[in-house]
1. Within 10 Å of each residue's Cβ, count the other Cβ atoms and sort 196, 353 from fewest upward.
2. Using the 10 angstrom Cβ neighbour count as an exposure proxy, how do 302, 219 rank, fewest first?
3. Return, ordered by residue number, the residues of the stretch 175-198 whose backbone nitrogen is under 14 Å from a label point located 7 Å along Cα→Cβ of residue 229.
4. Quickly work out the residue 196-to-residue 319 label distance, labels modelled 7 Å from Cα along the C-beta direction, and quote it in nm with one decimal.
5. Regarding the stretch 145-235, what's the average projected area of the Cα-atom convex hull, expressed in nm²?
6. May I ask for the equivalent-ellipsoid semi-axes of the stretch 172-214, computed as the square root of five times each C-alpha gyration tensor eigenvalue and listed largest first in whole Å?
7. Which whole-number value in Å³ per residue fits the convex hull of the alpha carbons of the chain?
8. Let me check against my output: what whole-number percent is the relative contact order of the stretch 145-235, with C-alpha pairs under 8 Å and at least 6 apart?
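What follows is calculated from the coordinates using simple rules that are stated; it is not laboratory data. Only a predicted model underlies this, so the values are computations on that prediction, with no experimental measurement involved. Here the Cβ is made from the backbone with ideal geometry for all residues, glycine too, and neighbour counts use every protein chain on show.
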């Protein structure tokens, strides 16, 4: 990279970081104030602060398209304020050179976002939720809302407890035949997991033998095709707590079991395409802020206000696209890429018409 390209890239990164810091502080304080009303038991002020800090990365990732948009506008506005854009134009620097200086840090940002989605935000949010559950509830091992159910063919399983996010407890399993008659009922205190095979411990079974339920006690019983260890911590937590890889695997597992999977698969595609949304917003902000900055009366506040309006319309358009796409039964990848493609096309058209 040339000195000019490094300077533009550095200014762009400073703009992103400034907006990230401002919005992170604002949303962090709002979340902290809201969470202070939920103190209970051992869940006091230190735990609230810890919970807020661990939850903040997930919040900021959701805001990254807007952060990237506003950060780019701030960066280009700062260049224009010091007449540096005018000097760059007058020096005969081609627009392609400026775009190259913007694209390179954008690619780095996209890579960092994918890393955060897989290794940072999900695990941090999961840790925060588990800590909150453990400190607020008298029975932290018990799964809220009556536990969770799973179905595979004619088999139903219910899980009531989850110790340390990885050891299931208070398990009930019911096996029916094709006519709907109960064939076997199994209850177990705990279970050890090997991939998707569960080895039930301290098991009581009731088996239908000639119309009569016969009870038997067993030390152990192995049953295949249940939740994996990676999926267990997510059963009582929202999809935001899942890594990208776990989210996709869990969606496919639910699909194979004939259970509702759409919300998880859509969440996966929303998150994995997030860096592309960020890149599209940066691309759009470049011609928009450059055009706005060319006027004599252009100001930073005006540019940020326009950027905020664009961000709001993008958010609303995304939500509408997802809702309509689900109602029409469209492909989830198409649903998530459609708003991003619209932004990218508009950005390219504006760049083509930009007077440089």
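1. With the fewest neighbours first, 196, 353 line up as 353, 196.
2. 219, 302
3. Within reach of a label on residue 229, which here means backbone N under 14 Å from a point 7 Å along Cα→Cβ, the stretch 175-198 contributes 191-198.
4. About 3.6 nm separates the two model spin labels.
5. That works out to 6.0 nm².
6. Square roots of five times the eigenvalues give 23, 13, 6 Å.
7. It comes to 156 Å³ per residue, whole-number rounded.
8. Relative CO of the stretch 145-235 lands at 21 percent.
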